[in-house]
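The next block holds one structure in the form of structure tokens; read it before the comments.
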Amino acid sequence: MDPHYWQAVAAGDRRQALAAVKRLRAEGASTAEILRDHLLVAQHRVGELWATGEWSVAQEHTATSVNEGLLLWLGSFNAQPRRDGPLVLVACVEGEQHAFASLVVSEILMAHGLRVDHVGGTPDADALLERAVNQRSDAVLLSASLTSSLGRASALVKRLRDQGLRVVVGGQAFGDDERRARAIGASAWCAGPEEAVAWVTAIAQDPQSDRLSGSVAASASDDVAWLEQYREQMVAYVTVGLRRAGQAPDVDPGDLEGWVDHLVGCLSATLATDDETILLEANDWLGRVLTARDLDPGLVDRVLDLLREPVASRSAAAGLVHNARILLAAARRPTGPLRIPPPATSREDRPAAGMGETAT
């Protein structure tokens, strides 16, 4: 990444950031190269500085706005797309408000002459499906930065595929290979914007082709849907429980709710992808965030403890919550083979009221 560009972004200096980008263009860098090698890298660093507590939310928002403004400025130099080119609908997964990565991909697709309909962050799933069908999109490209979004993504991918649409997925949430994308039934996974161009072009040329094959296991699918349906209630149940027990006295209420929601979403994502490394990633990320703010990283374990009751009636979800505590403990103290005893089935393990069962 160009150091002058980063200095300008970090300072929130739009004029100097624009001067750096103009210089990169004058030196021969293409729009795609500037987006990939400078703006995307800068945005990733912005997120890391917030996670480590070095930057405030206000600093993160200011830097992001500089990046977004330059992204749109660069996009204004794209040629008009071919009228007969593939039409791609690009969106984030529902619940994701940060649409920067999807906007970068959209601009790079347009730079390669593709027609793009960019929906952006946290779209309504029903409206997205209707839009893709009505305009006869050649492909839908879903971007997910948060692993906690993958449960929602699995349901959306299935609905799109049921309508005969090809779905390309990408973003940090999918990891470094195609396994998570395959698990939720996507047509293709892309590691970056250039790969997205290649996949979309290939799918448009052969609409019947599927690059991946897979789907969420039936045994887990129902529990994924249940977790997402009652996710808001479970988050409220856990946050109230933490407050009443005095286990999160110094945590901002908004931050606490967001962190609990992320953990519940990661449980759903783990079931959707059959990938327990998601839980390890969530534990590592939240542990770093809490430690950087002088908060107790043991909050993760207390959240899992409180989740045991509301998920007790769901076999897959209950088994995962039970195993998660043991998995995370083993990751902290690797002392030999992991042996997981069966979960307890006492009458105390009852679901919370309002989550599909009535507490008695």
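Residues that are assigned to a loop (DSSP other than H, G, I, E, B) and touching a strand residue (DSSP E or B) at 6+ places or on another chain (Cβ under 7 Å) were ranked within region 145-172; the one that is nearest to LEU279 (Cα to Cα) is GLY171.
The lone criterion from (1) part of a strand (DSSP E or B); (2) over 22 Å from VAL264 (Cβ atoms) left unmet by LEU142 is number (2).
The residue that is least open to solvent (accessible area, probe 1.4 Å), counting only those in region 193-240 that are at pLDDT below 70 and hydroxyl-bearing (Ser, Thr, Tyr), is SER209. The selection criterion, being assigned to a loop (DSSP other than H, G, I, E, B), farther than 21 Å from ASP261 by Cα and modelled with pLDDT of 90 or more, holds for ASP177. Got at least one residue in region 100-112 being more than 23 Å from VAL224 (Cβ to Cβ), open to solvent by 20 Å² or more (accessible area, probe 1.4 Å) and outside any helix (DSSP H, G or I)? Yes - at least one qualifying residue is present in region 100-112.
Has region 177-192 got at least one residue that is open to solvent by 50 Å² or more (accessible area, probe 1.4 Å) and out of contact with any strand residue (DSSP E or B) (no Cβ under 9 Å at 6 or more places or on another chain)? No, that holds for no residue. Within region 1-17, residues that are at negative phi and without any contact (Cβ under 8 Å) to a residue 40 or more places away in the chain reach no partner that is assigned to a loop (DSSP other than H, G, I, E, B) and open to solvent by 30 Å² or more (accessible area, probe 1.4 Å) with beta carbons closer than 6 Å at six or more positions or on different chains. Checked across region 180-200, the condition of being under 20 Å from PRO86 (Cα atoms) and aromatic (Phe, Trp, Tyr) holds for at least one residue. Look at (1) assigned to a helix (DSSP H, G or I); (2) over 18 Å from MET110 (Cα atoms) and you find that ALA32 fails only one, number (2).
Selection of region 127-153 for residues being within 24 Å of ASP261 (Cα to Cα) and basic (Lys, Arg) yields only ARG152. The single condition from (1) of a type outside the set (A, V, I, L, M, F, W, C); (2) surrounded by 14 or more Cβ atoms within 10 Å (Cβ to Cβ); (3) free of Cβ contacts under 8 Å to residues at least 12 places away in the same chain that GLU68 fails is (3). Across region 71-93, the number of residues qualifying as within 24 Å of the chain's Cα centre (by Cα) and either surrounded by fewer than 21 Cβ atoms within 10 Å (Cβ to Cβ) or part of a helix (DSSP H, G or I) (or both) comes to 3.
The values are calculated or read from the model by the stated rules, or taken from the named source; none is laboratory data. Here the structure is a predicted model, which is why all the values come from computation and not from measurement. Neighbour counts run over all protein chains shown; Cβ positions are idealised from the backbone, glycine included. When the accessible area is computed, the model is the full protein with side chains, heavy atoms only, and any ligands, DNA or RNA have been set aside. Shrake-Rupley method; radii C 1.70, N 1.55, O 1.52, S 1.80 Å.
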